[in-house]
Amino acid sequence: MLFKKSLINEDVIGFLKGVPPFQFLDEKALQVVVSGLSMEYYPKGTIILRQDGPPSEWLRVIKKGGVKVFITPDKGEDVLIDYRGEGDAFGLLSLVGGDKSRANIVAVDDTICYLLDKTAVMKLVESVPAFTEFFLKSFLNKFIDKTYEEMHNKSLLFGGGDKLLFTTPVGEIAAKNVRRASDSISIREAAGIMSEGRCSSLVLTDGEGVPAGIVTDRDLRDKVVSKGRSADDKVSDIMSVSLIKAEARDYCFEALLKMIRYNIHHLLVVDHGRLTGIVTNHDLMMLQGTSPISLAREMESQHTIDGLAPVARKINEIVGLLLKEGAKASNITRIITELNDRLLKKILEIGEKQLGAPPLRYCWIIFGSEGRKEQTFKTDQDNALIYQDPRTEEEEAAARTYFDVFSAFVRDGLLKCGFPPCPANYMASNPQWRQPLGVWKKYFSSWVYSPTPEAVLKSLIFFDFRPIYGDFALADSLRDFLGSFIEGQMVFLGYMANMIIKNAPPVGFFRSFIVEKSGEHKNELNLKVKGIAPLVDMTRLFSLEKGIRETSTIERLSEVRERHTIVREHAEELEHAFEFMMLLRIQHQFEQIEAGKNPDNFINPDRLSNLEKKTIKESFALITRMQDIIIERYKPLIW
Amino acid sequence: MPAMTVRKERKSAAAIEDSRFVVIDTELTGLDERRDSLVSIGAVRMQGGRIGMGDTFYRMINPRRSLTSESVLIHGITPSEVETKPAVDVVLREFLEYCGDDIIVGFCVSIDMGFLGREAERLFGHAVGNPAIDIQRVFEWLLGRGFFPGGAGVGLPRRYQLYDIARYFDIEVNGAHNALIDAFITAQIFQRFIPAVVRAGIKRSEELVGISRKFKGGERQHYFSGMFGF
């Protein structure tokens with residue numbers, strides 16, 4: 001009919017062609033999608049879906065505006081899952097699950113969405129594998145990662161994620177496009193079908209169409225290639241005839257149990273006696289987020305640096321894997337921190353074992369981004385050592401000798417594990433940064449009382465220290481000492497304030513971005529220097545003003561909210577801005593790693609979505625506002 | 001085409017989110033109800049605040065009166081284009097079938113209803129019975145209550161048209177125009193109104209019908225969409 005092809009629809013088709021996963025659809029399929037599409041408008045602040053409320057009836061694709069996805073845990077504060085902007089979609093999980101909404105979704109701006117109803121979505125899910133795959137990757141893991149980390153307030157690497165195993169039915173994550181073929185075909189034909197369909201398994205059916213066996217990638221590897229078997233043999237010779245099944249409504253952990261019990265990686269999923277899908281161990285791993293767990297366990301079981309080094313080098317890989325599978329970027333830093341912490345502790349443990357017990361109590365501290373728990377892909381060594389004040393010269397001499405060897409061992413160990421030395425030599429292996437507590441206190445007070453530019457620079461790095469191993473009381477004592485005199489040190493704090501206000505946000509008069517004018521990063525913006533560093537620096541300043549002990553920017557902000565009357569009302573915005581910038585940076589760095597480039601901090605604002613642009617501008621505006629507050633506060637000291 | 005809805009006693013008594021609306025726009029050879037006639041009808045259906053992108057109606061009509069050079073310029077519909085189109089009788093029948101008993105929504109809808117009513121009268125002996133909502137009236141009503149940024153419609157010309165309201169709400173009005181696209185624009189404007197009228201305490205569609213009938217508007221005047229002679 002004529003009206004089916006209206007100009008209105010042409011616009012929508014044009015829009016969807018640029019939006020994954022709809023861009024995978026051909027023109028005809030798009031026409032069908034659009035004919036069933038509707039459109040809604042939500043003023044800013046509208047709650048579109050409510051956690052634990054009724055499930056979404058639609059898959060919504062954002063045409064304009066943006067939404068915030070967050071979870072309200074049983075106790076504690078809201079957990080931000082994601083911001084979604086133009087071209088992003090939401091509501092699939094609860095639409096498919098049909099039980100309840102998994103998260104709160106609120107319009108952060110006046111927002112227009114296209115709505116696709118359940119029947120249409122299910123049709124796409126069944127007929128277009130790329131469609132399902134896209135959503136599984138982009139939705140599920142964001143929830144998994146967030147859920148296992150924060151909702152349950154458990155350790156990052158253990159527990160938490162397991163919960164989804166107990167609450168998600170197999171049918172929900174199973175691949176729906178089961179490839180089938182007759183069991184009379186040859187191995188070569190079977191392999192051909194599998195590689196064409198890019199699937200790791202193939203179900204073979206007998207003359208009556210009843211499933212008779214399954215052949216997987218592993219069978220081809222173990223039973224054909226390695227055995228030198230002819231590919232012209234019948235596939236029935238190598239297929240597994242014991243078909244292990246899971247009911248679609250079984251929970252994932254039951255499926256996992258079966259896989260472990262039968263030592264298999266593929267499970268057929270059956271719904272009311274009908275084969276509806278296949279679930280693989282990879283699917284379950286994605287759900288469980290086991291990769292970092294297994295890595296941590298592997299690390300734990302090593303006893304030598306040589307054994308540790310290959311495991312350590314997997315950290316970046318695993319981070320890449322998590323990100324690739326859609327894990328939330330802002331948590332990646334925490335995963336990196338957790339894994340790096342474990343690795344460092346292990347190295348220190350091995351060092352003590354090899355060199356014997358230290359002559360004096362000591363504490364190994366880390367600082368900089370490690371100290372703030374804000375590491376991304378590339379990390380240098382930034383560490384130091386505090387030891388107990390020696391009572392005698394003999395003790396002093398013994399300590400010097402021991403910690404000299406010990407710190408060199410740790411430096412070399414970290415190097416073997418892929419952590420390059422600090423170019424500025426801020427490492428415990430440098431005698432300057434391997435000192436008794438008393439000397440450290442002198443360092444700190446001299447930096448504060450004589451704030452030369454060099455001293456301020458050092459304090460920026462060292463004041464973010466946190467203890468990692470050994471006697472934490474030493475680090476605590478140093479922290480107490482700093483807190484006891486820093487408050488009211490207006491000259492020193494004024495230096496910091498000056499440094500902060502000199503770093504103006506890169507936004508021009510007409511709210512356009514100011515980018516690099518030339519060179520390798522022409523038209524790009526240094527996110528670290530212009531976005532993240534100012535937030536870190538001002539948060540540190542506010543924390544030092546109030547003697548706050550925390551070192552991570554997020555934790556500092558939550559303390560600032562409690563104790564800093566002037567900054568209190570901005571704490572939440574600062575946190576939001578910081579989380580956002582970090583997220584952008586990690587996504588950017590990951591893209592670079594994916595493309596085989598070295599990760600850097602330069603982003604091109606033109607490549608950001610409108611929502612991202614808007615948020616980043618708001619963040620810069622916030623930085624400017626905070627700078628004004630700092631100027632006001634330190635007026636007599638500003639030059 | 002969607003199935004007809006089951007007739008309820010009074011459609012306009014339903015809650016806004018449960019109401020079905022047909023948002024229309026017509027193109028005319030001129031404004032004189034006795035001499036001029038319909039050139040095209042465009043419509044988009046809404047269920048509450050949801051616009052059905054695939055559930056639209058658009059027909060060109062072979063007008064009884066020959067197109068004037070003015071109307072050709074405005075609508076871009078040339079005589080040769082409409083010569084081959086069905087007569088108003090066929091199109092009106094289809095259109096009323098499409099409408100069912102949904103509430104009709106339009107910008108200065110009384111004009112559209114006037115022309116549609118005249119044709120219906122001639123064909124079936126009675127006017128179009130659907131209740132109607134005029135978004136221009138609703139807009140004035142909301143402005144008068146201080147809704148929307150700028151309060152009293154800052155940035156709107158004193159005599160505004162459909163597109164001025166659209167631009168006011170940042171709704172895209174670029175590209176070619178016909179009755180369907182204008183109906184779609186009208187629907188998007190109406191869509192923006194819904195959260196506002198709900199905040200204003202209006203729950204049922206009949207209240208909007210009432211506002212459209214009684215409310216005479218603010219001080220500002222408006223142009224009728226795509227009109228001439230004013």
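Please name all residue pairs, on different chains or six or more residues apart, with Cβ atoms under 8 Å, provided the first residue is in the stretch A:209-223 and is assigned by TED's automatic domain parsing to the domain that holds A:Val279 and under 16 Å from A:Asn281 (Cβ atoms) and the second residue is modelled with pLDDT of 85 or more and part of a helix (DSSP H, G or I).
A:Asp217/A:Met194
Quick one: in the stretch B:54-66, of everything that is touching a helix residue (DSSP H, G or I) at 6+ places or on another chain (Cβ under 6 Å) and modelled with pLDDT under 90, which residue is nearest to the other protein chains (Cβ to nearest Cβ)?
Here the answer is B:Gly54.
Here is a check on your reading of the model: is A:Arg561 assigned to a helix (DSSP H, G or I) and surrounded by fewer than 19 Cβ atoms within 10 Å (Cβ to Cβ)?
yes
Do you know which residues across the stretch A:30-53 are more than 14 Å from every other protein chain (Cβ to nearest Cβ) and either part of a loop (DSSP other than H, G, I, E, B) or surrounded by fewer than 20 Cβ atoms within 10 Å (Cβ to Cβ) (or both)?
A:Arg50, A:Gln51, A:Asp52, A:Gly53
Quick test of your reading of the structure: B:Ser40 fulfils all but one of (1) within 14 Å of another protein chain (Cβ to nearest Cβ); (2) buried (at least 20 other Cβ atoms within 10 Å of the Cβ); (3) closer than 30 Å to A:Asp117 by Cα; (4) at pLDDT 90 or above. Name the failing condition by number.
Single failed check for B:Ser40: (3).
Being assigned to a loop (DSSP other than H, G, I, E, B) and within 12 Å of A:Ser184 (Cα to Cα) is the filter here, so list the residues in the stretch A:226-237 that pass it.
A:Asp232, A:Asp233
Of A:Asp464, A:Asp412, which residue is in a helix (DSSP H, G or I), charged (D, E, K, R) and closer than 29 Å to A:Lys528 by Cα?
A:Asp412
Kindly indicate whether A:Lys223 is assigned to a helix (DSSP H, G or I), surrounded by fewer than 21 Cβ atoms within 10 Å (Cβ to Cβ) and modelled with pLDDT under 80.
no
When you scan the stretch A:570-592, do you find a residue that is in contact with a Gly (Cβ under 6 Å, 6 or more places away or on another chain) and surrounded by 16 or more Cβ atoms within 10 Å (Cβ to Cβ), even just one?
Yes; the residues of the stretch A:570-592 include at least one that is in contact with a Gly (Cβ under 6 Å, 6 or more places away or on another chain) and surrounded by 16 or more Cβ atoms within 10 Å (Cβ to Cβ).
Going by what's in this entry, would A:Val439 be described as β-branched (Val, Ile, Thr), surrounded by fewer than 16 Cβ atoms within 10 Å (Cβ to Cβ) and under 22 Å from A:Leu343 (Cβ atoms)?
no
May I ask you to list pairs of residues, at least six apart or on different chains, whose Cβ atoms are under 6 Å apart, with the first in the stretch A:70-82 being in the same structural domain as A:Met581 (by TED's automatic domain parsing) and exposed (fewer than 14 other Cβ atoms within 10 Å of the Cβ) and the second being at pLDDT below 70 and not polar (S, T, N, Q)?
Note: no pairs meet the criteria.
So which residues in the stretch B:163-205 are at the interface with chain A (Cβ under 8 Å from one of its Cβ atoms), farther than 22 Å from A:Tyr42 by Cβ and touching a residue at least 24 places away in the same chain (Cβ under 8 Å)?
B:Ala176, B:Asn178, B:Leu180, B:Ile181
Can you pull out the residues in the stretch A:609-632 that are in contact (Cβ under 8 Å) with a residue 24 or more places away in the chain and either farther than 20 Å from A:Glu572 by Cα or in contact with a Ser or Thr (Cβ under 7 Å, 6 or more places away or on another chain) (or both)?
Those that are in contact (Cβ under 8 Å) with a residue 24 or more places away in the chain and either farther than 20 Å from A:Glu572 by Cα or in contact with a Ser or Thr (Cβ under 7 Å, 6 or more places away or on another chain) (or both): A:Ser609, A:Asn610, A:Ile631.
Name, by its number, the condition in (1) modelled with pLDDT of 90 or more; (2) hydrophobic (A, V, I, L, M, F, W, C); (3) surrounded by 20 or more Cβ atoms within 10 Å (Cβ to Cβ) that does not hold for A:Val106.
Status for A:Val106: all satisfied but (3).
If you scan the stretch A:604-639, which residues turn out to be in contact with an Asp or Glu (Cβ under 6 Å, 6 or more places away or on another chain) and outside any helix (DSSP H, G or I)?
If the condition is that a residue be in contact with an Asp or Glu (Cβ under 6 Å, 6 or more places away or on another chain) and outside any helix (DSSP H, G or I), then A:Asn604, A:Ser609 are the ones that fit.
The values are calculated or read from the model by the stated rules, or taken from the named source; none is laboratory data. As the structure is a computational prediction, the values presented were derived from the model and not from experiment. We place every Cβ from the backbone using ideal geometry, glycine too, and count neighbours over all the protein chains shown.
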